[in-house]
Each structure stands twice: as structure tokens, then as C-alpha cells.
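Below is one structure, written out as C-alpha cells; comments come after it.
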Amino acid sequence: MSKDAYTLTSPDGSRTTELPVHKGTLGPDVVDIGGLYQQEGAFTYDPGFVATGSCDSKITFIDGKEGVLLYRGYPVEQLAAQSNFLEVAFLLLYGDLPNERELSSFDHSIRTHTMLNEGMLRFFRGFRYDAHPMAMLSAVVGSMSAYYHDTMDVNNAAAHEIFAHRILAKMPTIAAAAYKHTIGQPFIYPRNDLNYCENMLRMFFAVPAENYEIDPIAAEALDLLFILHADHEQNCSTSTVRMAGSSGTNPYSAIAAGISALWGPAHGGANEAVLRMLEEIGSVKNIPKYVDKAKDKSDPFRLMGFGHRVYKNFDPRATIIRDMCYKVLKQMGRTNSPLFELALELEQVALKDEYFISKNLYPNVDFYSGIIYRALGIPTSMFTVMFAIGRTVGWVAHWREMITDPKGKISRPRQLYTGAANRDYVAIDKRPKT
Ligand code: CMC
């Protein structure tokens, strides 16, 4: 191995191939295998992309061993303590913290893009009353490509800008419309004098017949959760957005693909699954039974909200959210939250268990977030939608980085084929009868 390249020797020892090594600002080097197929006729093989970098990115850095998460170089703990979601959104989109004028202009733009085309609002009437809000969210975001034709040109920088502001601003409005549909209440139009989270709370919980007072603690808690969910480098949904977008499809379709990927319980759907799991466990006395189930390889049950592909020590977001749980529950006068008590106890039992210790399984971002959402009155089926609202800015930042990358190509992995070898077609009357 030389300093700047790995040398790969063919199995029969007859050839060697130099594989260049690239260095990032932080994190492991990457071995560039892009030329391997041409030179050696072999693919690399890494199901689940456990050790594969798919792109260059300047947006987010994670050190899973040390529990470090940086947005554009800033530790998430500092942003959570000192910043706010819109400022973080600006940082992720544009690369630097905004000055006052930039922030005010960005804030104004987001506030004035919150309304939906009325035609899109009528979509919701077509969904069944019990449609899952994530199904509505992905469908309606995908349908934005049928309304906002001015931002469909992926090669137009001005269109990228309008798209970014538009989707960031409209996600809470779409989410609120989905929620109102599920509970049969009238849709509440956005109000531009309110900030991002205040507006969202009002659209979720106000009814035309009554005055609605925004709870500042609820707005603060949401703001924090959105900061913590804003980006997480090449996770499943973000990689999906990049991959879908790499074909040159319009950005609304790419984000809709990301929303669909987020829904799965191994990813953003875990926050909903955690709450359902805690309810199923029901009592501290049942914890050992469920921990045993999670350890039993013949049982598909997993401790939801535990484990992470990248974090192998702790998830810094989980630590911040656990602290926020204490604060929110205390300020809301709900110091006796049986679900929170159960979650704390479950964490303690799992953290002392040899199975979870040996596999480096710790609570992740989804373990405690649902307890805050529940305290704010947000129903369980909406939890992953909340994650999607926070993550939208990350998806947009990555889509833009991908689409403007001069090295960008359509994403097109290869495979290890294990199916039938070449065989001749058999006419139907010649095939075995049973
Ligand atoms: N409960 C019990 N066992 C687990 C768990 C768990 N939650 N997570 C991983 N394991 C075991 C797994 O069975 C495997 O054991 P073995 O080596 O004996 O086969 C080992 O730990 C490694 O797991 P893996 O599935 O190979 O790891 P991964 O990196 O592919 O998956 C994960 C990571 C997050 C999908 C997984 O830990 C999991 O399913 N966790 C529960 C779902 C969850 O909380 N997801 C949210 C992730 S964080 C937010 C987000 O991404 O949206």
C-alpha cells in the first residue's frame, strides 16, 4: 500500500491495480474503486452500503465512534442550544450561518411561501379518512410537480432557490392538512405573522370556532426537534433523494421518494414504532420479557429506537432529546409520565445487558422524540411526518449538492447475479403440468 493508493492484486497474482485514496476534511479516507471494473472486470460488493461512500459532500459530518454530529462544521449540541431551526436551515442550504439581513430575508421568504394551491388542498378529500399521514404526505409532495412548473428545470439555479424555499415552507401546511383530514376537522390556513413552529402548531390544533393560544414551550420543543432531525448525511432517505434525483427527475419527485423511504420502521418510522412498542410493553414489570424477545434471533421483534448503523457509542441527538423530555414534561406540568418512566427504565435495562453492550446498541434519535410529540398532543401516526418536516431541509441541501456536482452521474449500482444461467424459452404446452 502506498501513501495515496491501495494496490490490489488479482487472485492469481498476475496483475496489480492501483486504487487511489481520497482524503476528506474529517473522517476515514476513501478508496476510489471507480476504475476497477474497467481494469479488472470485477465489481465491488457491499450490500447495505456498510463501507461505501457514494458521493463527496460538504453538508454534514458524523463520527459514530465519538458520537459527533456536525452541520457544516458546527456541533449539533451548539446549534441545539443557541440557534433555531430556520437559521440551521439556512446554514444547511447555503453553507454558512446567516447575518441578520440574510436571516430576515430568508425568514420572510419562508413565511410567504406557506400557502398551498387550492387544487392541492382538494386532494385530501380523495383520501380515505383512515389514510396514514405519511401516505398523504408522499403523494401530495409528489403532486407538487403537477402544480409548480416554474421550478421543474433542474439546471436552473434560480428555480432551485424557489423550490427550496417553497418546499420548506409548505411541508408544515401539507402535514397539517393531512392531520386535519384524519380527524375530520376543517383545514386551517397558515398565518404569515407566525414563525415556522408557531404557525405549524396553529395549523394543527386551531379550530375556526375558537381562539387558539400558541404554547411557547411547544413551539420551542418542536424547533429543537427539527434542528436535531435536519440532516444526517447519507442516510436511507437522503440517499434515496440523491439517487432518484440523479436521473434528472424534478426535485418534488425526488423528495417524495425520500419521504417514502423515511416511512420504514428501520428509519424514520421508528419513532412511531417506539411509542407503539412502549404501549405494548405497558409496564416496567414486562421489560425483561421484551428485552428477551429482542435478543431472541427466532423472534423478529427488535427494541425500536435502539441501534444505529453509524453511531456505535451514543447518538448525540438522543441525549439532547432525553433532556428536552424532562424540560417539556416539567413545564407542561406532566412530571408523572408513565411512558417516559417506562422508556427511561427500558434504556437502563438494555444498557446493562450484555447483548446490547456487545453489539453497541444505544438509544437513537427516535427513542425519546415520540414522548415529546405525545406531550404536545401530536398523534402517534403523525410522528414520522414530524421527522419528515425537519429532514426536508437536509434532503433539499443534498439534492442541490448532487444536482450541481460537476462529477454527478446517474446512480446505478451493479450486482452479484445469483439467478438462473442462460436457458431457452419453453412453450407453455411443453412446461411441466404441475
Ligand atoms: N434490537 C435488537 N437487536 C438489534 C437491534 C435492536 N433494535 N438493532 C440491531 N440489533 C442486532 C441485530 O440483530 C444484529 O445482530 P447480529 O449481529 O447477531 O445479526 C446486530 O445488532 C447488528 O444489527 P444490524 O441490523 O446488522 O445493523 P444495521 O446497521 O444494519 O441496522 C438499525 C441499524 C437502526 C436498522 C437497527 O439497529 C434497527 O433495526 N434498530 C431498530 C429500528 C430503529 O430504531 N431505527 C431508527 C434508526 S435511527 C433514525 C433513523 O435512521 O431514521
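The values are calculated or read from the model by the stated rules, or taken from the named source; none is laboratory data. These figures come from a predicted structure and were not determined experimentally. In this analysis, Cβ positions are derived from the backbone assuming ideal geometry, glycine residues included, and neighbour counts consider all displayed protein chains. Side chains included, ligands, DNA and RNA excluded: accessible areas come from the protein's heavy atoms. Shrake-Rupley method; radii C 1.70, N 1.55, O 1.52, S 1.80 Å.
Has segment 329-345 got any residue that is within 16 Å of the ligand (Cβ to nearest atom) and over 17 Å from HIS267 (Cα atoms)? Step through it out loud before you land on a result.
First, the residues of segment 329-345 that are within 16 Å of the ligand (Cβ to nearest atom): 343.
Narrowing the set further to residues that are over 17 Å from HIS267 (Cα atoms) leaves 343.
Yes, there is a match, as at least one residue in segment 329-345 is within 16 Å of the ligand (Cβ to nearest atom) and over 17 Å from HIS267 (Cα atoms).
Any idea which residue in segment 274-312 is farthest from the ligand (Cβ to nearest atom), counting only those that are basic (Lys, Arg) and open to solvent by 70 Å² or more (accessible area, probe 1.4 Å)? Before you say what the answer is, go through the steps one by one.
Here is the first cut: in segment 274-312, the ones basic (Lys, Arg) are 276, 285, 289, 293, 295, 297, 302, 309, 312.
Keeping just the survivors that are open to solvent by 70 Å² or more (accessible area, probe 1.4 Å) gives 276, 285, 289, 297, 302, 309, 312.
Numbers: ARG276: 12, LYS285: 20, LYS289: 14, LYS297: 7, ARG302: 4, ARG309: 4, LYS312: 9 Å.
The qualifying residue farthest from the ligand (Cβ to nearest atom) is LYS285.
Among (1) in contact with a helix residue (DSSP H, G or I) (Cβ under 9 Å, 6 or more places away or on another chain); (2) within 16 Å of the ligand (Cβ to nearest atom), where does TYR326 come up short?
(2)
Only one of VAL21, VAL68 is hydrophobic (A, V, I, L, M, F, W, C) and open to solvent by 30 Å² or more (accessible area, probe 1.4 Å). Can you tell me which?
Numbers: VAL21 fails: open to solvent by 30 Å² or more (accessible area, probe 1.4 Å).
Selected residue: VAL68, the only one of VAL21, VAL68 that is hydrophobic (A, V, I, L, M, F, W, C) and open to solvent by 30 Å² or more (accessible area, probe 1.4 Å).
Do you know which residues across segment 85-129 are touching a Lys or Arg at 6+ places or on another chain (Cβ under 8 Å) and of a type in the set (Ser, Thr, Tyr)?
Selection gives THR114 alone.
Give me a count of the residues in segment 313-349 that are surrounded by fewer than 20 Cβ atoms within 10 Å (Cβ to Cβ), part of a loop (DSSP other than H, G, I, E, B) and not aliphatic (A, V, I, L, M).
Selection size over segment 313-349: 7.
Is there any pair with a first residue in segment 314-325 that is more than 18 Å from ALA230 (Cα to Cα) and a second that is of a type outside the set (Gly, Ala, Ser) and assigned to a loop (DSSP other than H, G, I, E, B) whose Cβ atoms are under 6 Å apart and which are 6 or more apart or on different chains, and what are they?
PHE314/TYR362
Identify all residues within segment 350-380 that are in a helix (DSSP H, G or I) and surrounded by fewer than 16 Cβ atoms within 10 Å (Cβ to Cβ); write none if there are none.
Residues of segment 350-380 in a helix (DSSP H, G or I): 350-351, 354-358, 365-375, 380.
Of everything in segment 350-380, those that are in a helix (DSSP H, G or I) and surrounded by fewer than 16 Cβ atoms within 10 Å (Cβ to Cβ) turn out to be LEU351, GLU354, TYR355, ILE357, SER358.
May I ask you to say which residue of GLY258, GLY268 is open to solvent by less than 40 Å² (accessible area, probe 1.4 Å) and part of a loop (DSSP other than H, G, I, E, B)?
Details: GLY258 fails: part of a loop (DSSP other than H, G, I, E, B).
After applying the criteria, what remains is GLY268.
Residues of segment 92-130 being open to solvent by 60 Å² or more (accessible area, probe 1.4 Å) and among the hydrophobic types (A, V, I, L, M, F, W, C), which ones?
Correct list: LEU97, MET115, PHE123.
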